[in-house]
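The values are calculated or read from the model by the stated rules, or taken from the named source; none is laboratory data. In this text, all values refer to a predicted model and were calculated from it rather than measured experimentally. Glycine gets a Cβ as well: all are built from the backbone with ideal geometry, and neighbour counts include every protein chain shown. Just so you know, the surface numbers come from the protein's heavy atoms only, side chains and all, with ligands and any DNA or RNA stripped out. Shrake-Rupley method; radii C 1.70, N 1.55, O 1.52, S 1.80 Å.
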Amino acid sequence: MATLIWGVLLFGLALLARNGGKVLEMGLSIASVAYGSLLGVFLLGVLTKRASERGAMLGMVIGFVFNLYLWLFTGVAFTWYVVMGSTITFLVGYSASWLIPRKKFPQPAFQSVQGG
């Protein structure tokens, strides 16, 4: 399902970029828009123990929207999208993981005991 969503999202970005200029630059800028949030959520999961699913998803969405804003409405070079998007994703995801309580999963009633 995630692959399908990312495929549709990247296809939509490609349609938006049809009149953008050089093919290589447009391809890299489209990829950079998505890869900033992907790298940020990866770093959040690898570098912290506090990251929660909700925090990571919120950070990823905010980082992606931030990169989309940079791409469509500012003059920031595409080479900075990954750095900026990763930073925003990491900071928002880490902060949200602290602020939003984790989902409590019920403990199993029966736990097997390993014995000899």
For the stretch 28-35, just list the computed ³J(HN,Hα) in residue order, Karplus coefficients 6.51, -1.76 and 1.60, θ = phi - 60°, integers in Hz, with x standing in for Gly and Pro. 5, 5, 4, 5, 5, 4, 7, 6
Accessible area in square angstrom per residue, the stretch 5-106, 1.4 angstrom probe: 65
Förster radius 30 Å - calculated FRET efficiency between Arg50 and Phe11 (Cβ-Cβ, nearest 0.05): 0.30
With r as the distance between the Cβ atoms of Leu4 and Val83 and R0 = 22 Å, compute the FRET efficiency 1/(1 + (r/R0)^6) and round to 0.05. 0.20
Potential lengthening between Lys104 and Asn19 on full extension [0.36 nm per residue; Cα-Cα distance subtracted]: 25.8 nm
If one computes P(r) from the Cα atoms of the chain, what percent of pairs lie at distances over 18 Å? 57
